[in-house]
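The values are calculated or read from the model by the stated rules, or taken from the named source; none is laboratory data. Bear in mind the structure is a predicted one, so any value in this text is a computation, not a measurement. No Cβ is skipped: glycine too gets one built from the backbone with ideal geometry, and neighbour counts run over all protein chains shown.
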Amino acid sequence: MKRLLAVAIAAVALAPQPALAQDTNPFAFGTYYQCDQNREAFADQIQEFVVGPILDGHVEAGQLLSWGWLAHRIGGDWRRVEYMIAPDRATLLSVRNEIIEALQEPDMRAATTELTDICPDHDDYIWQVTATSSPDALTETRPAAGISTYYECDIAREQRADELVAEVFAPVLNAHVGAGGLNGWSWLQHDTGGKFRRLLSLDAADGAALYAARDALFPAIQEANPEAGAEFSDICWSHEDYQWDITISRP
C-alpha cells in the first residue's frame, strides 16, 4: 500500500462511504498459493527479501498503491497470498509483467525456483474495489489480522448485492470501525479469475478483536434490515472464509 486483498485499512471514517464511480476504483491482483506447510516460512523470507524490494520499487515509482503478503491462519487450501493494488487494470497488468521479467533475471532464478517449489500451485484473481470504510483505506498500512469472505453469487444479480452493501451494510460496518473493533473493511468485485464473485475483507489489530467485531456485525445487519440480509444471501448463496495473518503490508 502506498504511504492493498484485502484484502487495507487504518485511518477510517465512521460515516458510510458510497462506492466510487467504477472507472475510478483501484484494481487488485491476488495470487493465492498452495504451499508445502513444512517449508512455507522460507517462502515468506523469499517474498520479503527477494520479491519485496522489486514490489517496493513499483510503489515508490507510483505505479502501485500498495502490496502485501498474507499467511494462512484458518481456512481452505490457500496458504499464502500476494496482492498488489494499482489505480487501474492496465497499470496493474503492466507492473505484473515487469515483475515476472525481473524475477527471471539470472541472479533471481534460484530464489524464484525455490519459491515455486515450495508453493507449486496457485490461483490468480483480479478484483476491483467497490466500497471501503475510508477513501484512504487502500493507501494505509494494514493491521495484523484479517478475515476474507469469498462469495459465489448469481452473476445476473450481483450488482444488486453491491447496492445492498453500499446502502444497507456499510453504515453497520462503519459503526464497528474504531471503537467497534475493526480497523476497516473493503468490498471488492470479481474482474478476472475463478468462481468467487465478491470479496469482503475485514481488518483488526488481532484475531480476538476481529472475531468479536464479526460476531457483532451480522446480528446488527440482520436487525437493521432483515429483508436486505435475506436478499443478499439469496444472491450470494455460498461463501468461504479465511483468516489471514497480514505479515507484510507496504503502503
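Count of the stretch 170-188 residues, restricted to those that are buried (at least 23 other Cβ atoms within 10 Å of the Cβ) and part of a helix (DSSP H, G or I), is 1.
When restricted to residues that are out of contact with any strand residue (DSSP E or B) (no Cβ under 7 Å at 6 or more places or on another chain) and of a type in the set (S, T, N, Q), the stretch 109-148 contains 3. Which of the following residues is among the charged types (D, E, K, R), surrounded by fewer than 21 Cβ atoms within 10 Å (Cβ to Cβ) and more than 24 Å from ALA220 (Cα to Cα): GLU167, GLU105? Being among the charged types (D, E, K, R), surrounded by fewer than 21 Cβ atoms within 10 Å (Cβ to Cβ) and more than 24 Å from ALA220 (Cα to Cα) holds for just one of GLU167, GLU105, which is GLU105. Looking across ASP206, ASP191, one residue alone is among the acidic types (Asp, Glu), surrounded by fewer than 17 Cβ atoms within 10 Å (Cβ to Cβ), out of contact with any Cys (no Cβ under 9 Å at 6 or more places or on another chain) and more than 23 Å from GLN128 (Cβ to Cβ). It is ASP206.
If you go through the stretch 224-238 and keep only what is closer than 22 Å to HIS176 by Cα, at pLDDT 90 or above and not in a loop (DSSP other than H, G, I, E, B), you end up with PRO226, GLU227, ALA228, GLY229, ALA230, PHE232, SER233. The set of residues in the stretch 220-251 that are touching a helix residue (DSSP H, G or I) at 6+ places or on another chain (Cβ under 8 Å) and over 30 Å from ALA43 (Cα atoms) comprises ALA220, ILE221, GLN222, ALA224, ASN225, ALA228, GLY229, GLU231, PHE232, ILE235, CYS236.
Of all residues in the stretch 56-78 being touching a helix residue (DSSP H, G or I) at 6+ places or on another chain (Cβ under 7 Å) and crowded, with 20+ Cβ neighbours inside 10 Å, which is farthest from THR192 (Cα to Cα)? That would be HIS58. Each residue in the stretch 132-149 was checked for being farther than 16 Å from LEU65 by Cα and surrounded by fewer than 24 Cβ atoms within 10 Å (Cβ to Cβ), and 4 of them qualify.
Could you say which residue among GLU227, GLU158 is more than 17 Å from the chain's Cα centre (by Cα), charged (D, E, K, R) and surrounded by 16 or more Cβ atoms within 10 Å (Cβ to Cβ)? Give the derivation first.
Values: GLU227 fails: surrounded by 16 or more Cβ atoms within 10 Å (Cβ to Cβ).
Just a single option satisfies the conditions, and that option is GLU158.
Give the stretch 132-149 a look and list any residue that's touching a Phe, Trp or Tyr at 6+ places or on another chain (Cβ under 9 Å), modelled with pLDDT of 95 or more and aliphatic (A, V, I, L, M), or say none. Within the stretch 132-149, ALA145, ILE147 meet the criteria. Selection of first residues in the stretch 167-194 that are among the charged types (D, E, K, R) and of second residues that are assigned to a strand (DSSP E or B) and surrounded by fewer than 21 Cβ atoms within 10 Å (Cβ to Cβ), restricted to Cβ pairs under 6 Å at least 6 apart or on distinct chains, gives the following pairs, ordered by first then second residue: ASP191/ILE126; ASP191/GLN128.
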